[in-house]
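Take a look at this one; I'll ask things after.
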Amino acid sequence: MKSQNTRRMVTTAILIALTIVFQLLRPVLGGTNIISTYIIGSLVNLVLILAACVVGLWSGVAVAFVAPLFAVLQNHAQLPMVPWIIAGNVLLVIFFALWAKKDKRLQVEWVRWVIIGAIGTVLKYAVMTLGMTLVQTAATGKAFGVILGVAAGAQFVQIVTALIAMVLGGIILPMLPASIVGQSSK
């Protein structure tokens, strides 16, 4: 049991480090341009999904907390948005962790995988859109409805990057060796 907990902690630490490395690619990919946003967002969402499926809910939650904090340090996210980003990430993680709990083999059944991914993605998008709307409404004093339209457009990237990550995760998970996913090779 102790070695399994150690494996989970080490794997989580590696996934957090990988998330930070992906975010450090921002200057290499041209800063905050739309291409780097889609690439880095997809990779970070992929790590969230892998953490949830391979290690478990708490690993995914740990990555969900660290990613936006590092984005703030890079001036890529605003501090008032951090709780909303974390909440959106955690929702995505919960859906994939629940899927992994039901499918210990981590063999992707695509219809179920896409349904779970789509629900998690839409909820993440909704939470982050609401958060951005509330933050911007408070900051600017503009009408909620006006800001909601702007936020909905601005957060659309969340849908695209989460869906890309879902597809990549569906391809990668079945290819992972049994030792990585904590299964005995029978």
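Could you say which residue among Asn33, Asn75 is free of Cβ contacts under 8 Å to residues at least 60 places away in the same chain and on the phi > 0 side of the Ramachandran plot?
Of Asn33, Asn75, the one residue that is free of Cβ contacts under 8 Å to residues at least 60 places away in the same chain and on the phi > 0 side of the Ramachandran plot is Asn75.
Hey, another quick one. Determine whether Ala51 is of a type in the set (Gly, Ala, Ser), closer than 16 Å to Leu173 by Cβ and within 10 Å of the chain's Cα centre (by Cα).
yes
When you scan the range 130-158, how many residues do you find that are in contact with a Phe, Trp or Tyr (Cβ under 9 Å, 6 or more places away or on another chain) and part of a helix (DSSP H, G or I)?
So the count comes out to 11.
Among the listed residues Val90, Val146, Val160, Val167, identify the single one that is β-branched (Val, Ile, Thr), over 30 Å from Gln4 (Cα atoms) and at pLDDT 95 or above.
Val160
Determine whether Gly120 is in a helix (DSSP H, G or I), under 14 Å from Ile49 (Cβ atoms) and modelled with pLDDT of 95 or more.
yes
Could you check how many residues of the range 3-19 are at pLDDT below 95 and in contact with a helix residue (DSSP H, G or I) (Cβ under 8 Å, 6 or more places away or on another chain)?
Of the residues in that region, 2 qualify.
The values are calculated or read from the model by the stated rules, or taken from the named source; none is laboratory data. None of these values were measured; they are calculated from a predicted model. Backbone-built Cβ (ideal geometry, glycine too); neighbour counts: all protein chains shown.
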